[in-house]
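Right, one structure below, let's go through it.
The values are calculated or read from the model by the stated rules, or taken from the named source; none is laboratory data. Quick caveat: nothing in here was measured; it's all calculated off a predicted structure. Every residue, glycine among them, receives a Cβ derived from its backbone with ideal geometry; neighbour counts consider all protein chains shown. All accessible areas refer to the heavy atoms of the entire protein, side chains included, with ligands and DNA or RNA removed. Shrake-Rupley method; radii C 1.70, N 1.55, O 1.52, S 1.80 Å.
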Amino acid sequence: MNQALPLTAGRLTAPGGCPTLIAFLPSLPAASCMDCTTDGASARPREGGVVRRARGARLRHVRLLAAGMAVIAGCCMALAADPPSPDVVAGYAATVQPLATRAALDAFARGGNAIDAAVAAGLTLGVVDGHNSGIGGGCFILLRLADGRLICLDGRETAPAAASRDMFLRDGRAVDALSRTGVLASGVPGALAAYALAVERFGRLPLAAAFAAGIRHAEEGFPIDAVYARKLKATAGDLASFPASRSVFLQADGSPWPEGHVLVQKDLAGTYRGLAEEGPEWFYRGPFAEATAAYMASAGGVLTADDFRDYRPLERKPLVSTFRHWTIVGFPPPSSGGVHVAQMLNLLSVVPAEDLRPGTAGFVHRVVETMKLAFADRAYWLGDPAFVDVPLGLVSMDYARRLAARVDPERATPVPRHGEPPDWQRVHFDKHTTHFATADAEGNWASITATINTAFGSKVVVPGTGVLLNNEMDDFTVAPGVPNHFGLVGGEANAVAPGKRPLSSMSPTIVLDADHEPVMSIGAAGGPTIITQVLLGLIHSLDHGMSPAEALRQPRFHHQWSPDRVRLEQAAGDDLVEDLRSRGHDVVVEKEFGACQIICRHRGKPFDGASDPRVSGMAAESSP
């Protein structure tokens with residue numbers, strides 16, 4: 001089931017104490033004003049933001065037109081200040097940024113469930129962790145609902161209608177900079193559409209409430225942390241090429257803001273206000289789409305207002321597999337992560353758990369050889385299932401046993417090409433990043449990975465909006481055999497085509513026990529290492545019973561077939577490096593990489609979770 005969900009206006013009952021006007025996803029009656037119940041809490045109106053005219057685009061100002069409208073906006077956006085709802089549900093949240101985790105906990109305190117909390121976290125991350133994700137990018141949302149349903153919402157970006165297979169070739173040669181930086185690098189953003197759909201269908205709070213923390217942090221500012229400052233320094237040269245980006249992220253002399261600087265984003269606050277007041281229509285069919293189209297037309301880009309109008313999130317069938325006695329729920333294509341996490345777990349399931357001891361050279365060798373086989377298949381077979389046939393046999397146990405038999409337990413084995421899964425001709429799947437997760441005591445779990453691709457995406461901020469656009473066009477195969485930013489190569493299955501969704505490594509995952517109760521949520525950030533981080537986290541947790549914090553402390557390693565080398569964190573130690581080299585592996589030692597989030601809960605026990613110690617995130621529990 002890949003169901004496209006239309007963007008229309010509709011009603012949404014909001015807690016608080018005011019009439020509210022809202023537009024959102026999907027097909028419901030026309031937007032209208034209605035009364036909401038009140039608990040008597042006061043709501044302070046906030047001044048409306050203004051989106052300036054961008055390159056001749058006709059933008060109407062987003063402002064409060066009268067005292068009554070001020071009360072409306074204030075009520076919607078000051079929900080975070082309301083007293084806790086009497087229907088508060090205990091919950092847990094883990095993100096890479098404490099301000100985003102607190103936004104999730106605030107949503108629980110207002111009576112929201114795990115879906116409301118996750119979306120609040122995601123929208124806040126778009127402000128305080130904007131180098132990784134935001135409404136200018138995309139996301140995959142994996143949900144396990146209290147009634148047992150499993151939901152996959154695909155908010156992946158799509159190629160513009162004017163995109164073409166050879167758009168990044170010049171004189172017959174690929175110019176990779178064009179797919180990574182500037183106006184040709186962006187696909188149509190899908191994160192906002194997916195967030196809105198998730199809240200409308202499965203949440204309790206109005207979408208407007210989810211913008212509250214983001215508006216506050218964009219308008220009042222937040223101190224940038226060491227990771228943000230490091231990414232800013234690394235990309236300052238590219239950001240300086242675009243005036244709207246330079247005005248936000250760089251000082252007057254062009255140098256990047258240092259760690260601790262309070263970063264204020266007034267234009268982004270105005271955009272968030274517009275979205276809180278008018279919903280996704282404001283973004284996909286209103287002022288933002290118009291501003292982006294006008295800017296693109298003036299700067300040589302190909303994104304148009306029609307591209308935004310035509311965007312739809314998709315509901316997909318979850319990818320369900322097994323590992324030992326666990327059920328693993330992953331995301332299907334265009335995520336390659338769900339497929340290859342399942343494939344690699346299948347290969348490793350033929351090995352007894354006691355023979356896979358973390359920290360040993362034998363363990364790393366076996367898992368690396370497994371990674372090589374899976375990533376060789378990724379390069380050839382994976383793409384958007386609406387455009388190419390992705391073999392379902394990739395996740396079959398028969399294929400896993402066949403591949404596992406190729407692994408030499410002592411020596412590195414060359415993998416010259418992809419494998420051929422069973423029935424590949426006829427049985428197919430249905431046609432820089434951040435991960436965050438939430439869960440609540442009622443049984444709702446949300447595992448979401450969101451991205452604008454590399455740090456600060458395309459480096460392009462749409463003038464007057466504060467929105468940083470993605471560079472997801474680099475996730476397509478620019479030309480066969482040409483690696484992308486992460487060194488990944490691909491084939492025709494992932495070639496550029498209008499409306500197509502690029503292949504992604506995002507791997508939001510939920511684990512169910514033998515009674516189909518959720519016990520774990522995991523996901524990661526870090527390009528193709530997302531897939532291997534999730535794999536290692538699952539092995540450490542499920543095979544060896546490690547707590548979330550212990551699992552995330554383990555040294556990481558990664559192999560993606562091409563280039564043929566092992567990336568290994570230095571914490572693994574020199575002895576392990578030498579042992580792997582003696583087995584024939586080319587090993588590159590790095591300080592650290594990736595960022596993973598885990599939430600666990602076993603029957604009758606409280607939630608446990610952890611944010612990756614490699615970043616300054618936070619995992620925390622709310623209580624009623």
Can you list residues from other chains, or at least 5 along the same chain, whose modelled amide H is less than 5 Å from the amide H of ARG565? GLN560
Bounding extents of the range 96-137 in its principal axis frame from Cα atoms, largest first in Å, are 30, 18, 11
Would you please state which residues of the range 331-374 a label at GLU420 would reach in this model, taking the label point 7 Å out along Cα→Cβ and a backbone N cut-off of under 19 Å? 373-374
So if R0 is 41 Å, what FRET efficiency would LYS605 and GLU220 give, r being the distance between their Cβ atoms, rounded to the nearest 0.05? 0.60
Rounded, prolate or oblate (a/c below 1.5 giving rounded, otherwise prolate when a/b exceeds b/c) for the range 267-320 by Cα gyration tensor: oblate
Suppose R0 equals 51 Å; then what is the FRET efficiency for ASP398 and SER623 from their Cβ-Cβ distance, rounded to the nearest 0.05? 0.60
Cα-based shape type of the range 185-299, given that a ≥ b ≥ c are square roots of the gyration tensor eigenvalues and the cut on a/c is 1.5: oblate
I need the per residue convex hull volume for the range 481-598, using only the alpha carbons, in cubic angstrom as a whole number. 145 Å³
Contour minus Cα-Cα span, ARG309 to ARG201, at 0.36 nm per residue, comes to 36.8 nm
Kindly give Rg over Rh for the range 566-610, based on alpha-carbon atoms, with the Kirkwood expression for the hydrodynamic radius. 1.26
Among GLN251, ALA234, GLY221, pick out the residue whose Cα is farthest towards the positive end of the charge dipole of the range 208-264, where Lys and Arg carry +1 and Asp and Glu carry -1 on C-beta, about the Cα centre. ALA234
Within the range 84-157, what whole-number % of the accessible surface is contributed by carbon and sulfur, with the 1.4 Å probe and all protein chains included in the calculation? 53 percent
In terms of solvent-accessible area of protein heavy atoms at a 1.4 angstrom probe, what is the ranking of ASP474, ASP171, highest value first? ASP171, ASP474
Between the residues ASN470, ILE531, GLY545, the Cα farthest towards the positive end of the dipole of the range 465-624, that dipole coming from +1 and -1 charges on the beta-carbon of Lys, Arg, Asp and Glu, is from ASN470
Give me P(r) over the range 321-476, computed from all C-alpha to C-alpha distances, binned every 5 Å, as integer percentages. 2, 8, 14, 16, 16, 15, 13, 8, 4, 2, 1, 0
Top to bottom by accessible area (1.4 Å), largest first, where do LYS317, LYS500 land? LYS317, LYS500
How big is the C-alpha Rg of the range 178-240 next to the rule-of-thumb value 2.2 N^0.38 Å, as a ratio? 1.54
Obtain the nm distance between the two label points defined at ALA252 and GLU442 by a simple spin-label model: each point lies 7 Å from its Cα along the Cα-to-C-beta direction. 5.3 nm
Which FRET efficiency, nearest 0.05, do ASP515 and GLU492 yield, Cβ-Cβ r, R0 45 Å? 0.55
Straight-line reach from LYS231: which lysines have Cα under 30 Å away, leaving out those fewer than 8 places along the same chain? LYS266, LYS372, LYS459, LYS500, LYS591
Contact order relative to length for the range 285-390, counting C-alpha pairs under 8 Å separated by 6 or more residues, stands in percent at 18 percent
